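Let me begin by presenting the structure, written as structure tokens, before commenting on it.
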Amino acid sequence: MSAETLYERVEHAARTVRARRDEDISVALVLGSGLGAFADDLEDALAVPYSEIPGFARPTVEGHAGRLVIGRVDGLTLAVMQGRFHYYEGYSFDEVTFPVRMLGLLGIQSLILTNAAGGINIEFDQGALMVISDHLNLMGINPLRGAHDERFGARFPDMTEVYDREFQEIAIEEANQMDVAIRRGIYAALTGPSYETPAEIRMLRTLGADAVGMSTVPEAIVARQMGMKILGISCITNLAAGLVDHPINHEEVMEAGARVRDTFKQLLRRIIPRLKSSDE
Ligand code: HPA
């Protein structure tokens, strides 16, 4: 164990990335399971494998490439995390949230978190997109637990508006203009990796959840603590347990992600320039 604090380790990672590419980055994205294709469209791209960034863990899940891609889209420089770390892989919450904290220290103010999720709201179809309006942290742990370092932000950060309202409107407007079905809803995060039981899905519906997944929430909490504005988008890759008469499996989740790939890429492309201009 090194004697460095978490903050210093995150700073070291940010310095390492800056040494490879020192540019003002407008917006950062974290791409979830099966949704990594957006990174392939970046121009003048530099891909840094996570193994080359000190302090980063390595993803173990299929569908997560495990690299940070910095490049341009429509004249804006973006940082794209192609693959994330999940708690169910055995990582600590510090490891799970390390990349987002590094993005914060790189000066990123607008963060798009994407994920694959199971649809709980019975009005959702497979392949639908959901703009996250709020979340339920049901992971049983909070990423801010432990020693507090105020350089990351407040000890007790406010979570009234984790997902920026204006960003939600922008995403919905752009999807509507593309004629893409999009809904707003509440994302419940569980640790996984087993999928839920039908009884658990009924419980989550009673609690007000519209979708369920195994990521995003820890990242959103640390990003809010650092003052970033967040847009969360879930791709409803399957209807949750008990809503369909067949078992849920990771292949189905990946395939559904692949089917919406082009739509999702185009939507992100339309949203991103508007997030940039709204934080100026
Ligand atoms: N449950 C939890 N996580 C998920 C699901 C699901 O049904 N689909 C994609 N990620």
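The values are calculated or read from the model by the stated rules, or taken from the named source; none is laboratory data. Values in this document were obtained by computation on a predicted structure and should not be read as measured data. All Cβ positions, glycine included, derive from the backbone under ideal geometry; neighbour counts span all protein chains shown. The protein model used for the area step is the full one, side chains on, heavy atoms only, and it has no ligands, DNA or RNA in it. Shrake-Rupley method; radii C 1.70, N 1.55, O 1.52, S 1.80 Å.
Assorted remarks:
- Length-normalised contact order of region 199-280 in % [C-alpha pairs under 8 Å, at least 6 apart]: 22 percent
- For region 134-275, accessible area per residue (1.4 Å probe, heavy atoms of protein chains only), Å²: 47 Å²
- Distance between the pseudo-spin-label points of Arg20 and Asp149 (7 Å out from Cα toward the beta carbon): 2.1 nm.
- Taking only alpha carbon atoms, the chain gives an Rg to Rh ratio of 0.94, where Rh is the Kirkwood radius.
- Volume of the Cα convex hull of region 189-280, divided per residue and given in Å³: 115 Å³
- Sorting 179-190, 104-115 by average packing, meaning the other beta carbons within 10 Å per residue, from highest down gives 104-115, 179-190.
- Given their separation in residues at 0.36 nm each and the Cα-Cα distance between them, Asp74 and Asp125 gain 15.2 nm when the chain is fully extended.
- Within the chain, percent of DSSP bridges classed antiparallel, to nearest 5: 35 percent
- Dividing the helix sum by the residues of the chain, where each DSSP H run of 4 or more adds -39500 (n - 2.57), gives a mean residue ellipticity at 222 nm of -10000 deg cm²/dmol.
- Percent RCO, i.e. relative contact order, over the chain, from Cα pairs under 8 Å lying at least 6 residues apart: 25 percent
- Taking all Cα pairs closer than 8 Å and separated by 6 or more residues, the relative contact order of region 54-203 comes to 23 percent.
- Peptides ranked, highest mean first, by Cβ atoms within 10 Å: ranges 4-17, 39-52: 4-17, 39-52
- With every protein chain in place, the chain: carbon and sulfur % of accessible area (1.4 Å): 46 percent
- Hull shadow area, averaged, region 84-211 [alpha-carbon convex hull, nm²]: 9.1 nm²
- Reciprocal mean inverse distance between Cα atoms of region 1-120 - Kirkwood radius, Å: 14.6 Å
- Highest to lowest packing among 251-257, 122-128, scored as the average C-beta count within 10 Å: 251-257, 122-128
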